[in-house]
Amino acid sequence: MKQLVIFDLDGTLLNTIADLGNAANHALEMAGHPTHPRQAYPRFVGNGVRKLIERVLPESIRTPENVDRLLDDFKEYYDTHLTDCTEPYPGIPELLRELADRGVRLAVASNKYQSAVERLVNHFFPDIPWAAVEGQKEGVPVKPDPSIVFEILSESPTPKSEVLYVGDSGVDMETARRACVESCGVTWGFRPLDELLDNHADHVAGTTAQLLRLIL
């Protein structure tokens, strides 16, 4: 049984894509730029909201000033609407509760900014005794840099052999590889199976039941 499971948030625990897309499109509309269909957003996310804004902007106007302006509008909208359409993936609340009841420590490692991560986790999983909830912080590099995993391990010291990192993207699998911890890619999120395999996922789970068996 693993002692510590570190979960990515967006695309792993929560389906946030509609609210992210709505906030980005709002920011684009405010600046008079074209918007994107919701189905385009899974390929834009995964490296933090600043990178999301860079990707949704037309390439010819991706200046730091334009990104900053849209990012402010994005956060203002998202902070008000971050739970409008977002919901846990099927089986996730039950999975977390089962793991917590079995004594497995649980943590979140997200590229989303810290205040939004905390609000989402507290809103959707208020009864889970999280060992750590880590989002993007000023001055700390985003995943796949492994700093966020090291921060969690400093808060909840655990032998790396007893840690499992769970995520839905190649960024997550690379984060786990750089941190030298075991990885499991989940196929219910934003990215295709091929991306998980190409980025050397140690395991792949298609259901929460498969993931539970891997952890226990």
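To the nearest 20 Debye, how big is the dipole of the chain about its Cα centre, given +1 on the beta carbon of each Lys and Arg and -1 on that of each Asp and Glu? Show your work: numbers first, answer last.
Details: 21 positive and 33 negative charges, 70 e Å.
Around 340 debye, computed over the chain.
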Exercise for the section: May I ask you to compute the full-extension gain from THR187 to VAL140, defined as 0.36 nm times their residue separation minus their alpha-carbon distance, rounded to one decimal in nm? Expected result: 14.1 nm
Fill in the blank from the handout: Going fewest to most other Cβ atoms within 10 Å around each Cβ, VAL56, VAL204, VAL142 line up as VAL204, VAL142, VAL56
Handout entry: Where only C-alpha atoms are counted, convex hull volume of segment 152-216 per residue in Å³
Key = 82
Exercise for the section: For GLU151 paired with HIS33, estimate the spin-label separation in nm (one decimal), with each label point 7 Å from Cα along the Cα-to-Cβ line. Expected result: 2.6
Exercise for the section: Whole Å is fine, so just give me how far the alpha carbon centre of segment 107-159 lies from that of segment 20-76. Expected result: 23
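Can you pull out the trypsin sites (Lys or Arg not before Pro) in segment 106-148 whose DSSP state is coil and whose Cβ has at most 15 other Cβ atoms within 10 Å?
On the way: sites: LYS112, ARG119, LYS137; in loops: LYS137.
Here the sparse-neighbourhood loop sites are LYS137.
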Exercise for the section: Determine the sum of side-chain charges near GLN3: Lys and Arg each +1, Asp and Glu each -1, restricted to other residues whose C-beta is under 10 angstrom from that of GLN3. Expected result: +1
Handout entry: the chain: most fluctuating residue of GLY185, GLY48, GLY206 per GNM, C-alpha cutoff 10 Å
Key = GLY206
Completion exercise
Cβ density ranking, 10 Å radius, fewest first, applied to CYS85, CYS184 yields CYS85, CYS184
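Please report SER183, SER169, SER161 as a ranked list, fewest other C-beta atoms within 10 angstrom at the top and most at the bottom. Please list the in-between numbers first.
Numbers: SER183 24, SER169 28, SER161 10.
Ranking SER183, SER169, SER161 by Cβ neighbours within 10 Å, fewest first, gives SER161, SER183, SER169.
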Problem - Over segment 21-133: Rg over Rh, Cα atoms, Kirkwood Rh - result: 1.05
Exercise for the section: Would you list the P(r) distribution for the chain, with all Cα-Cα distances sorted into 10 Å bins from 0 and each bin expressed as a whole %? Expected result: 8, 36, 36, 16, 4, 0
Problem - Estimated [θ] at 222 nm from DSSP helical runs (n ≥ 4, -39500 (n - 2.57)) normalised by residues in the chain, nearest 500 - result: -13000 deg cm²/dmol
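Between beta-carbons, use under 12 Å as the cut-off and find the net charge around CYS184, counting Lys and Arg +1, Asp and Glu -1.
Working: positive: LYS2, ARG213; negative: ASP8, ASP168, ASP172, GLU182, ASP202.
So the environment of CYS184 carries a net charge of -3.
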Completion exercise
Stretched fully, the stretch from ASP101 through ASP68 gains (0.36 nm per residue minus C-alpha distance, one decimal, in nm) 7.6 nm
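Every number in this text was worked out from the coordinates using simple rules, so none of it is lab data. Everything quoted here is computed from the prediction, not taken from an experiment. Neighbour counts are summed over all protein chains in view; Cβ atoms, including those assigned to glycine, are modelled from backbone coordinates with ideal geometry.
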